[in-house]
Amino acid sequence: MGIHLMLALLSCLVSAIREQGNLNLITQALKAVGRKMEVIPDPTTVHFHLPNDDLSVRIHREYDDFITELTSKFPHEKEGILGFYGDCWKIFNSLNSLELKSLEEPIYLFGQFFQKPLECLTLASYLPQNAGAIARKYIKDPQLLSFIDAECFIVSTVNALQTPMINASMVLCDRHYGGINYPVGGVGGIAKSLAEGLVDHGSDILYKANVKSIILDDGKAVGVRLADGREFFAKTIISNATRWDTFGKLLKGEKLPKEEENFQKVYVKAPSFLSIHMGVKAEVLPPDTDCHHFVLEDNWKNLEEPYGSIFLSIPTILDPSLAPDGRHILHIFTTSSIEDWEGLPPKEYEAKKEEVAAEIIQRLEKKLFPGLSSSITFKEVGTPRTHRRYLARDKGTYGPMPRGTPKGLLGMPFNTTAIDGLYCVGDSCFPGQGVIAVAFSGVMCAHRVAADIGIEKKSRVLDVGLLGILGWLRTLA
Ligand SMILES: Cc1cc2nc3c(=O)[nH]c(=O)nc-3n(C[C@H](O)[C@H](O)[C@H](O)COP(=O)(O)OP(=O)(O)OC[C@H]3O[C@@H](n4cnc5c(N)ncnc54)[C@H](O)[C@@H]3O)c2cc1C
């Protein structure tokens with residue numbers, strides 16, 4: 001399965017494509033290269049189908065509509081619901097009011113602190129906290145707490161007690177602030193637009209360039225070597241591979257720096273996904289079907305189990321132009337580990353893909369769409385091996401997952417590394433997984449690099465102080 005097809009079909013929950021606020025990072029990135037995308041507003045971010053007498057909750061675009069729906073299911077917890085989501089808004093509003101740049105750059109950081117001290121202190125106070133602990137301050141009902149777990153699981157693939165409050169708040173509020181907007185033609189269009197804009201502005205992008213190693217000179221990162229033997233040299237090397245891949249593969253043979261040892265102590269690789277991309281006859285979907293669904297059938301305990309819960313997106317609900325007339329596209333995915341798929345000869349691998357996909361489709365048929373299996377006109381299945389191969393991610397991992405109960409985001413490394421000249425970016429850096437989070441990590445990295453190569457202001461003394469403090473804080477996680 002080509003990655004292009006995967007991207008074209010994946011109907012992500014992409015927010016951050018809007019005009020207002022400072023967290024509209026995709027709009028800002030597109031604007032910087034002279035591009036703008038046409039989008040379609042999504043009225044319902046997710047339709048949850050959960051255990052306990054078929055608990056059904058829709059996350060409406062309008063916050064008040066969502067709160068009205070949730071409190072109608074849990075009227076005795078109205079205060080608790082307002083308290084928990086109210087804290088999320090405090091964090092979101094603070095983040096959204098700041099100019100987002102590198103938290104590793106002291107001149108910017110102190111500048112923001114003097115301009116917005118209250119917002120900065122709010123964020124600092126939530127930095128070591130997790131969503132589950134805060135939810136428990138306000139909410140007692142175990143079903144509602146399980147719902148909050150499901151909300152967080154979508155963000156982080158772990159329950160609320162393990163999800164940093166800042167990450168949860170970014171997603172739980174951003175979806176209402178301007179809403180989720182679906183790019184016309186599919187989310188692959190975002191990368192395509194950015195790439196075209198960058199080339200128009202004089203950049204070169206090299207495709208099919210498999211980096212095998214980072215070249216060091218006297219301990220400093222100075223270049224990269226590709227699988228075909230070509231070498232490229234630069235002042236600065238930025239790795240978008242995960243930190244495990246960067247240090248485990250691209251710097252294989254080098255001693256693992258202490259910082260990375262700490263990261264690997266606090267975080268493990270989250271499992272990967274099994275993805276099913278299908279074309280189906282349109283009549284199998286009821287007329288009022290929502291675009292995004294999260295399905296957990298009988299038992300809350302299955303939330304984090306492999307294949308336990310099912311994510312489903314139907315992008316053609318919003319953008320019918322993606323499929324031929326009379327057809328819909330379904331992207332179904334569920335957590336799965338590479339260990340289930342390794343070592344299988346090709347025939348057995350193909351047979352297992354069919355078998356597991358059939359079970360998932362039957363579960364959706366039973367829960368949501370009777371007749372689904374017999375309405376399929378196209379089907380392709382991707383496994384953790386697909387993720388590993390096309391995204392070059394060790395074990396096809398979704399990203400970092402805390403080993404135990406983390407101290408919020410305290411243990412997450414930023415962009416600088418212990419190797420001079422080498423920076424990391426993406427979901428194994430602060431603030432973690434998800435499109436808005438990795439876009440934030442990209443903005444932070446660009447700023448830190450700009451300071452280091454002399455485009456932005458920097459102070460060597462303050463740098464040493466701040467980086468020392470941040471390194472020490474991470475050891476507390
Ligand atoms: C099925 C699924 C559904 C998701 N749904 C959502 C959603 O609805 N909303 C949301 O916000 N997030 C969603 N996410 C999460 C989001 O997609 C990720 O968090 C994000 O894409 C991670 O970005 P990244 O840049 O860190 O890594 P990646 O997207 O993995 O990008 C890294 C890039 O580096 C390249 N690379 C790696 N190693 C090398 C090498 N050695 N040489 C050359 N190139 C290399 C890879 O090919 C890849 O293109 C979803 C993820 C999955 C798997």
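The values are calculated or read from the model by the stated rules, or taken from the named source; none is laboratory data. It should be emphasised that the depicted structure is a prediction, and the values quoted were computed from it without experimental measurement. Cβ coordinates were reconstructed from backbone atoms using ideal geometry, including for glycine residues, and neighbour counts include every protein chain displayed.
Of all the listed residues (A133, A124), the sole one being surrounded by fewer than 16 Cβ atoms within 10 Å (Cβ to Cβ), closer than 30 Å to L476 by Cβ and modelled with pLDDT under 95 is A124. Look at the stretch 249-262: where a residue is outside the structural domain of R388 (by TED's automatic domain parsing) and modelled with pLDDT under 95 and a partner is among the β-branched types (V, I, T) and part of a helix (DSSP H, G or I), sitting 6+ places away or on another chain with Cβ atoms under 8 Å, you get N262/T475. The criterion of at least 2 residues that are exposed (fewer than 15 other Cβ atoms within 10 Å of the Cβ) and small (G, A, S) is met by none of the strands (runs of 3 or more DSSP E) wholly inside the stretch 194-263. Taken together, the residues in the stretch 440-477 that are farther than 14 Å from S102 by Cβ and surrounded by 14 or more Cβ atoms within 10 Å (Cβ to Cβ) amount to 4. Just one of the numbered conditions (1) touching a strand residue (DSSP E or B) at 6+ places or on another chain (Cβ under 7 Å); (2) at pLDDT below 95; (3) farther than 27 Å from F48 by Cβ is not true of P402: (3). The set of residues in the stretch 73-131 that are of a type in the set (A, V, I, L, M, F, W, C), under 23 Å from the mean Cα position of the chain (by Cα) and farther than 21 Å from G471 by Cβ comprises F84, C88, W89, I91, F92, L95, L98, L100, A131. Screening L98 with (1) among the aliphatic types (A, V, I, L, M); (2) touching a strand residue (DSSP E or B) at 6+ places or on another chain (Cβ under 6 Å); (3) modelled with pLDDT under 95 gives one miss only, at (2).
May I ask you to list the residues in the stretch 301-328 that are aliphatic (A, V, I, L, M) and more than 22 Å from the chain's Cα centre (by Cα)? Listed by number, the residues that qualify are I317, L322, A323.
Filtering the stretch 153-184 to residues that are assigned to a helix (DSSP H, G or I) and either more than 16 Å from the chain's Cα centre (by Cα) or closer than 16 Å to L70 by Cα (or both) leaves L161, L172, C173. Does at least one position in the stretch 419-432 carry a residue that is under 30 Å from I361 (Cβ atoms), touching a helix residue (DSSP H, G or I) at 6+ places or on another chain (Cβ under 9 Å) and either away from the ligand (no atom under 16 Å from the Cβ) or outside the structural domain of P324 (by TED's automatic domain parsing) (or both)? For the stretch 419-432, residues under 30 Å from I361 (Cβ atoms), touching a helix residue (DSSP H, G or I) at 6+ places or on another chain (Cβ under 9 Å) and either away from the ligand (no atom under 16 Å from the Cβ) or outside the structural domain of P324 (by TED's automatic domain parsing) (or both): present. Scoring P324 on the criteria (1) more than 15 Å from the ligand (Cβ to nearest atom); (2) under 21 Å from G382 (Cα atoms); (3) not in a helix (DSSP H, G or I) leaves a single failure, condition (2).
Annotation note: Cβ proximity below 8 Å between a residue of the stretch 225-242 that is of a type in the set (F, W, Y) and a residue that is away from the ligand (no atom under 12 Å from the Cβ) (sequence gap 6+ or interchain) occurs for F232/G223; F233/I215; F233/V222; F233/G223.
Quick grid of which residues meet (1) surrounded by fewer than 19 Cβ atoms within 10 Å (Cβ to Cβ); (2) farther than 30 Å from V461 by Cβ; (3) assigned by TED's automatic domain parsing to the domain that holds V443; (4) touching a Leu at 6+ places or on another chain (Cβ under 7 Å):
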{"position": "E38", "(1), (2), (3), (4)": "yes, yes, no, no"}
{"position": "D53", "(1), (2), (3), (4)": "yes, yes, no, no"}
{"position": "V57", "(1), (2), (3), (4)": "no, yes, no, yes"}
{"position": "E79", "(1), (2), (3), (4)": "yes, yes, no, no"}
{"position": "L82", "(1), (2), (3), (4)": "yes, yes, no, no"}
{"position": "W89", "(1), (2), (3), (4)": "yes, yes, no, no"}
{"position": "F92", "(1), (2), (3), (4)": "no, yes, no, no"}
{"position": "N96", "(1), (2), (3), (4)": "no, yes, no, yes"}
{"position": "S102", "(1), (2), (3), (4)": "no, no, no, no"}
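For G396, the criteria (1) buried (at least 21 other Cβ atoms within 10 Å of the Cβ); (2) at pLDDT below 95; (3) not aliphatic (A, V, I, L, M) hold in every case but one, which is (2). So, G426, is that one surrounded by 21 or more Cβ atoms within 10 Å (Cβ to Cβ), modelled with pLDDT of 90 or more and at positive phi or not? It is true that G426 is surrounded by 21 or more Cβ atoms within 10 Å (Cβ to Cβ), modelled with pLDDT of 90 or more and at positive phi. Scanning the stretch 265-291 for residues that are among the aliphatic types (A, V, I, L, M) and either outside any strand (DSSP E or B) or within 22 Å of G382 (Cβ to Cβ) (or both) yields V266, A270, L274, I276, M278, V280, A282, V284, L285.
Looking for something under 17 Å from T163 (Cβ atoms) and among the aromatic types (F, W, Y) - is there at least one such residue anywhere in the stretch 381-390? The answer is no, given that none of the residues of the stretch 381-390 is under 17 Å from T163 (Cβ atoms) and among the aromatic types (F, W, Y).
Scoring Y182 on the criteria (1) more than 11 Å from the ligand (Cβ to nearest atom); (2) more than 30 Å from R136 (Cα to Cα) leaves a single failure, condition (1).
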